[in-house]
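The values are calculated or read from the model by the stated rules, or taken from the named source; none is laboratory data. Small disclaimer: the values here were computed from a predicted structure and weren't measured. For neighbour counting, all protein chains shown are included, and Cβ atoms are generated from backbone atoms with ideal geometry for every residue, glycine included. Note: areas computed on protein heavy atoms with side chains; ligands, DNA, RNA excluded. Shrake-Rupley method; radii C 1.70, N 1.55, O 1.52, S 1.80 Å.
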Amino acid sequence: MKNLTPKTLKETLILLNEGDYKILAGGTDLMIQNRAWSNTLPKFNKDILLVFNLPELKYITLEDDCLHIGSTMTLEELLYHKLTPKLLVEAIKIMASPAIRNMATLGGNIGNASPAGDSLPVLYILNAIVVIESIERTRELPIEDLIIGPGKKTIQKNEIIKEIKIPMSNFTSIRFDKVGGRKADAISKISFAGVAKVKNNTIQDFRVSFGAVGPTVVRNKELEANVIGLTVDDMKVNIQEILNEFGNFIRPIDDQRSNKEYRKTVAINLLKSFILSL
Amino acid sequence: MAKIKFTLNNKQVEIEKSPTARLLDILREDFDFTGVKEGCGEGECGACAVLINDQIVNSCIVPLGTVEGKNIVTIEGFSKTKRHEVLRNAFEEEGAVQCGFCTPGMLIASESLLNKNPHPTDEEIKIGLSGNLCRCTGYNMIIKAVKSASKKGDGLW
Ligand SMILES: Cc1cc2nc3c(=O)[nH]c(=O)nc-3n(C[C@H](O)[C@H](O)[C@H](O)COP(=O)(O)OP(=O)(O)OC[C@H]3O[C@@H](n4cnc5c(N)ncnc54)[C@H](O)[C@@H]3O)c2cc1C
Ligand code: FES
Ligand code: FES
């Protein structure tokens with residue numbers, strides 16, 4: 001096995017272009033997924049490129065009304081950084097433990113593409129753009145176009161996630177909720193993220209997403225658009241109708257019916273609680 | 001294989017190993033720091049905790065290649081400090097040590113927390129130690145111990 005620790009991004013991109021490598025950032029997913037016996041090497045089925053320390057991927061800057069977060073920024077670095085969006089801070093606070101957060105990267109949470117990845121519902125509603133780089137080109141993809149199923153991404157094998165770009169916006173309400181504890185297995189976790197902007201009692205912006213109720217994070221921009229322009233009072237009067245519409249859209253995939261119903265009910269209750277808080 | 005250099009308990013070291021080796025195995029087998037324990041082996045219990053640049057990590061899932069150029073302190077290195085003495089005494093006074101298996105990890109987690117936040121609230125201590133499991137004590141004694149250490153060791157962190 002060729003397990004390499006390139007020193008620069010350029011070197012990394014050249015290697016990615018020439019060979020078939022798996023990118024390893026903090027390893028908090030990969031080291032466990034490929035765990036072997038104590039005192040033996042983890043069993044990877046590909047050569048590994050370690051990118052955790054690449055200086056070109058560790059930054060957070062504010063430029064052109066966008067926040068740019070380098071992909072290997074750890075969750076703990078983001079938790080304490082003053083530029084990190086408040087909603088992302090709320091999600092990170094209830095992710096894992098400090099020891100894990102010191103290694104876990106934001107790029108790795110996206111790269112793992114788990115329906116239960118806790119940063120994902122947040123990144124979806126912040127309209128995050130993922131900047132992907134290869135030796136040939138740099139391209140930008142909205143996060144929902146990057147993750148297409150559990151563990152499935154539209155990233156080519158010569159590409160790396162360079163940064164996450166988040167357009168700046170102002171909200172009057174933000175919410176991140178997770179039902180099911182940190183130690184609970186992914187099956188019982190449901191997460192909800194919501195942001196809204198209310199001015200003169202009128203909804204000007206409203207975005208919500210749900211994690212772990214389907215193969216990818218669930219967000220529906222059309223349903224969101226339907227409530228823009230309503231007064232908060234109208235929205236509360238019509239809350240049942242709104243919940244029904246979102247409910248039709250949330251279809252957990254699960255063999256066990258009870259579990260499916262439970263998930264949907266929890267998801268809708270989280271939405272309800274957010275709307276009532278506006 | 002790669003040559004990896006880092007500082008380990010205040011000494012410069014260099015080792016030639018695969019960068020995907022678990023830091024835990026290297027610390028225990030190659031450097032004989034057996035105070036670093038393996039519990040779950042998957043990041044859930046904190047028995048394998050060490051400090052990298054003053055912050056806690058679980059060495060059972062840290063790939064060796066990521067520690068290049070960093071400063072690693074295990075419980076053996078930490079135990080030579082005044083801060084360890086204050087913490088250790090507080091743990092003993094509050095009855096926060098029973099079988100002792102979790103204690104090195106708890107002390108490392110406490111040090112990491114106090115490095116960031118010298119005067120944590122109970123809630124902040126709970127969060128700071130949330131990655132460390134103890135099967136013997138109730139966590140209350142441990143929380144009290146950290147609180148007492150942060151008072152007695154005022155100025156050390
Ligand atoms: C005890 C424990 C608790 C956890 N709790 C939570 C939790 O509460 N919520 C949660 O969401 N997650 C949790 N996790 C999962 C994990 O910590 C996160 O998913 C983390 O963000 C992964 O980041 P990493 O850098 O460690 O990823 P790695 O393991 O290094 O990589 C994960 C995947 O992303 C790919 N990848 C990484 N970086 C890049 C890049 N720059 N470009 C392209 N691909 C890349 C890798 O190839 C791999 O497929 C937990 C894990 C553990 C061990
Ligand atoms: S042995 Fe590393 S966290 Fe349990
Ligand atoms: S004292 Fe025994 S596990 Fe904590």
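Summary table
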item	result
Computed [θ] at 222 nm, deg cm²/dmol, chain B (DSSP H ≥ 4; -39,500 (n - 2.57); rounded to nearest 500)	-9500 deg cm²/dmol
Order of exposure, largest accessible area first, which applies to B:S110, A:S277 with probe 1.4 Å	A:S277, B:S110
Given charges at Cβ of Lys, Arg, Asp, Glu: region A:173-276 dipole, positive-most of A:N244, A:G194, A:I275	A:G194
Gaussian network model of chain A, Cα within-10 Å springs - most flexible of A:T105, A:T154, A:T84	A:T154
Simple Cβ-charge dipole of region B:1-121, Lys/Arg +1 and Asp/Glu -1, about Cα centre, in debye nearest 20	360
Ranked by how many other beta carbons lie within 10 Å on average, peptides A:145-152, A:34-41, B:145-152 from highest	B:145-152, A:145-152, A:34-41
Interface burial for B against A (accessible surface, 1.4 Å probe, total of both chains, Å², rounded to 100)	2500
Using θ = phi - 60° and Karplus 6.51 cos²θ - 1.76 cosθ + 1.60, couplings along region A:19-28 (whole Hz; Gly, Pro as x)	x, 10, 10, 9, 7, 10, 9, x, x, 6
Rounded to whole Hz, the Karplus (6.51, -1.76, 1.60) HN-Hα couplings of region A:158-171, x for glycine and proline	9, 10, 9, 6, 8, 8, 10, 10, 10, x, 6, 8, 10, 10
Members of region B:21-55 that become less accessible by 10 Å² or more once partner protein chains are added (1.4 angstrom probe, chain alone as reference)	B:A21, B:R22, B:D25, B:E29, B:E38, B:C40, B:G41, B:E42, B:G43, B:E44, B:Q55
Phi to ³J(HN,Hα) by Karplus 6.51 cos²θ - 1.76 cosθ + 1.60 over region B:23-34, Hz, x for Gly, Pro	3, 3, 5, 5, 5, 6, 7, 8, 10, 6, 8, 8
Highest-fluctuation residue, B:G39, B:G105, B:G128 considered, GNM on chain B with Cα pairs under 10 Å	B:G39
Computed lengthening from B:N53 to B:V13, 0.36 nm per intervening residue step minus Cα-Cα distance	12.9 nm
Debye log10 I(q)/I(0) for the protein assembly as shown, one point scatterer per Cα, at q = 0.09, 0.12, 0.14 Å⁻¹	-0.62, -1.05, -1.31
Shielding by partners - mean other protein chain Cβ count within 10 Å, residues of B:64-71	4
Local net charge near A:I174, Cβ-Cβ under 12 Å (Lys/Arg +1, Asp/Glu -1)	+1
Label-point gap, in nm, between B:K151 and B:K5 - each point 7 angstrom along Cα→Cβ	4.7
Carbon and sulfur %, accessible surface of the protein assembly as shown computed with the full protein complex present, 1.4 Å	49
Entries of A:K153/A:K264; A:K162/A:K260; A:K86/B:K126; A:K86/A:K272; B:K80/B:K151 with Cα pairs more than 32 Å apart	A:K162/A:K260
For region B:23-157, the fraction of alpha-carbon pairs in successive 10 Å shells from zero, as %	13, 47, 32, 7
